[in-house]
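The next block holds one structure in the form of structure tokens; read it before the comments.
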Amino acid sequence: MNRRDLTPAQRAFTVGAATLVSASHNDIANHFKGRITRSGVSRLVARTVQKAKDAGLPLSDPYLKMIVQIDTSDRQHREKESWQATRDGDFESVVPKIPISLFENVMYDAGYSRNDLGGSPR
């Protein structure tokens, strides 16, 4: 493998970090320690976004965004424990039934942690 080649999973991480969590291209390049440059990250992101747009595909699952939006919408939702939110059916408008572990993973991947009251962003 060429020192600048990224695996498909690493390319997906790169595009996700840049587009979904707004990580800087320089920070992403530093994470891979010379396997991709900042300008390489920029080209990869632009190319991927354009390909998704041309194919009419979203870069992320809109259902996941809706779950995060519901859970962070107000204080009442932010202060619930994971099991309370799923038990109360907070996400029934999006998915009929969501396992607690899946809900926790969605929120963690979106940058939220339930360690602090209100699930503050990391």
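The values are calculated or read from the model by the stated rules, or taken from the named source; none is laboratory data. No experiment lies behind these values; they were computed from the predicted model shown. FYI the Cβ positions are ideal-geometry reconstructions off the backbone, even for glycines, and counts take in every protein chain you see. Remember, those area values only see protein heavy atoms, side chains included, never the ligands or the DNA or RNA. Shrake-Rupley method; radii C 1.70, N 1.55, O 1.52, S 1.80 Å.
Return one whole number: the accessible area per residue of the chain in Å², for a 1.4 Å probe. It would help to have the intermediate numbers written out before the result.
Details: 8230 Å² over 122 residues.
I get 67 Å² per residue for the chain.
Rank by packing, highest mean first: peptides 35-48, 57-70, with packing defined as the count of other Cβ atoms within 10 Å averaged across residues. Please report the intermediate quantities before stating the final value.
Details: 35-48: 16.2, 57-70: 13.8.
The packing order, highest mean first, is 35-48, 57-70.
Using alpha carbons only, how many degrees (0 to 90, rounded to 10) separate the axis of helix 38-55 from the longest principal axis of the chain?
Once rounded, one gets 60 degrees.
At 1.4 Å probe size, with the rest of the protein present, what percent of the exposed accessible area of the chain is carbon and sulfur atoms?
Details: 4330 of 8230 Å².
Exposed carbon and sulfur together represent 53 percent of the surface.
Enumerate lysine pairs in the chain that are 8 or more residues apart or on different chains, then count those whose Cα atoms are under 28 Å apart.
Close lysine pairs found across the chain: 6.
Considering the dipole of the stretch 1-75 built from charges on the beta carbon (Lys and Arg +1, Asp and Glu -1) around the Cα centre, which of Val15, Pro62, Val41 is farthest to its positive end?
The one lying farthest along the dipole's positive direction is Val41.
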